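A.B. asks: This structure is in structure tokens; I'll ask about it shortly.
The values are calculated or read from the model by the stated rules, or taken from the named source; none is laboratory data. Predicted, not measured: the structure shown is a model, and the values here were computed from it. As a convention, Cβ positions derive from the backbone with ideal geometry for all residues, glycine included, and neighbour counts pool all protein chains shown.
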Amino acid sequence: MSRIAAAFEALQQAGRRALVPYVTAGFPYADITPALMHGMVEAGADVIELGVPFSDPMADGPVIQRAGEAALALGVGMKQVLAIVAEFRRNDDRTPVVLMGYANPVERYDGVHGKGAFIRDAAAAGVDGLLVVDYPPEECEDFAAALKAKNIDLIFLLAPTSTDERMAQVGRVATGYVYYVSLKGVTGAGHLDTEAVGRMIPRIRRHVSVPVGVGFGIRDAATAQAVGAAADAVVIGTRIIQLIEGQPRDAVVPLVREFLAGIRQALDALPPATARSAAGG
């Protein structure tokens, strides 16, 4: 069983929702990310999504784009991202870490280090999941199998425009969890319609047996709680980047810890979710 599967199983048995914060690796300071990840765990994070900086992040809004550009300017690429995970693992062998990014850095890593090097080195570093925005499920079965052999889950996005056919394709390949993009558009855009999210998740669960996380547009405890009423996990990224952008080094971790502690409290105030989660796998 992967670390992600074990984490969700424990949460479901306790009737709790997963808190999944996102941060761009190497932002806002190249060497701060491991400490920030530990701070997230201390505040109640169950899974951490770590963004891999990339020069053309088509699904990301301006806030996360700026973070990626800043991290790249500091020399943070895939090699450094894997080193960040390895450093985090020295003191935390329990919290799952998911790399979120695009195909180019993954394929370039193999181009530089040899075929299969990314999966080998990601597993050695302690990566538990991979979400590649521009890898469609119908083209990923071999890649998913190679990841699974190293106990790494392949996670996919679903959107308000996803058809039943696409959900079924994702359901055949995805492990760990699926990430439902609650808005049409890029990260940080638009107004979150929590009622629409509540209607969509049961439809997703008809096709997908793994837990369903929801992200894009979750900015505070109230929206997190509204989404958590239906979802297995709440993903928060843009708001965290906004909080730490331009902050002095010693303020970054405390700011994020305080923000996530409020989200954790709001999620834990929801009624137990055991029956709902069991229905979703």
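A.B. asks: Answer with yes or no whether P21 is crowded, with 24+ Cβ neighbours inside 10 Å, assigned to a strand (DSSP E or B), at pLDDT 95 or above and not aromatic (F, W, Y). Give the steps one after another, and end with the answer.
C.D. replies: On the way: crowded, with 24+ Cβ neighbours inside 10 Å: yes; assigned to a strand (DSSP E or B): yes; at pLDDT 95 or above: yes; not aromatic (F, W, Y): yes.
Against the criterion (crowded, with 24+ Cβ neighbours inside 10 Å, assigned to a strand (DSSP E or B), at pLDDT 95 or above and not aromatic (F, W, Y)), P21 qualifies.
A.B. asks: Quick one: how many residues across region 205-238 are over 14 Å from the mean Cα position of the chain (by Cα), not in a loop (DSSP other than H, G, I, E, B) and not hydrophobic (A, V, I, L, M, F, W, C)?
C.D. replies: Of the residues in that region, 4 qualify.
A.B. asks: Please determine whether any residue of region 217-233 is surrounded by 23 or more Cβ atoms within 10 Å (Cβ to Cβ) and either among the charged types (D, E, K, R) or in contact with a Cys (Cβ under 7 Å, 6 or more places away or on another chain) (or both).
C.D. replies: yes
A.B. asks: Taking the conditions exactly as written (assigned to a helix (DSSP H, G or I), out of contact with any Pro (no Cβ under 9 Å at 6 or more places or on another chain) and not basic (K, R)), does A10 satisfy them or not?
C.D. replies: yes
A.B. asks: Follow-up question, since we're still on this one. Is there any pair with a first residue in region 99-126 that is within 17 Å of I155 (Cα to Cα) and a second that is among the charged types (D, E, K, R) whose Cβ atoms are under 6 Å apart and which are 6 or more apart or on different chains, and what are they?
C.D. replies: Taking only residues 6 or more apart or on different chains, the pairs are M100/E49; Y102/D134; A103/D134; F118/D110; I119/K150; A123/K150; G126/R89.
A.B. asks: Now a separate question. Residue pairs, Cβ under 6 Å, 6 or more apart or interchain, first in region 1-23 and more than 22 Å from G262 (Cβ to Cβ) and β-branched (V, I, T), second modelled with pLDDT of 95 or more and assigned to a strand (DSSP E or B). List them.
C.D. replies: As it stands, the answer is I4/G129; I4/D153, since those pairs meet every condition given.
A.B. asks: Scan (1) surrounded by fewer than 20 Cβ atoms within 10 Å (Cβ to Cβ); (2) modelled with pLDDT of 90 or more for the single condition V186 breaks and write down its number.
C.D. replies: Just one mismatch for V186, condition (2).
A.B. asks: Residues A146, A122: which one is under 27 Å from D232 (Cα atoms) and more than 17 Å from the chain's Cα centre (by Cα)? Spell out the reasoning first.
C.D. replies: Details: A122 fails: more than 17 Å from the chain's Cα centre (by Cα).
A146 is the lone residue from the list that is under 27 Å from D232 (Cα atoms) and more than 17 Å from the chain's Cα centre (by Cα).
A.B. asks: Let me ask another. When region 8-44 is examined, which residues are found to be hydrophobic (A, V, I, L, M, F, W, C) and in contact with a Lys or Arg (Cβ under 8 Å, 6 or more places away or on another chain)? Outline the logic, then answer.
C.D. replies: Residues of region 8-44 that are hydrophobic (A, V, I, L, M, F, W, C), as a first pass: 8, 10-11, 14, 18-20, 23, 25, 27, 30, 32, 35-37, 40-41, 43.
Matches in region 8-44: L11, L19, I32, M40, A43.
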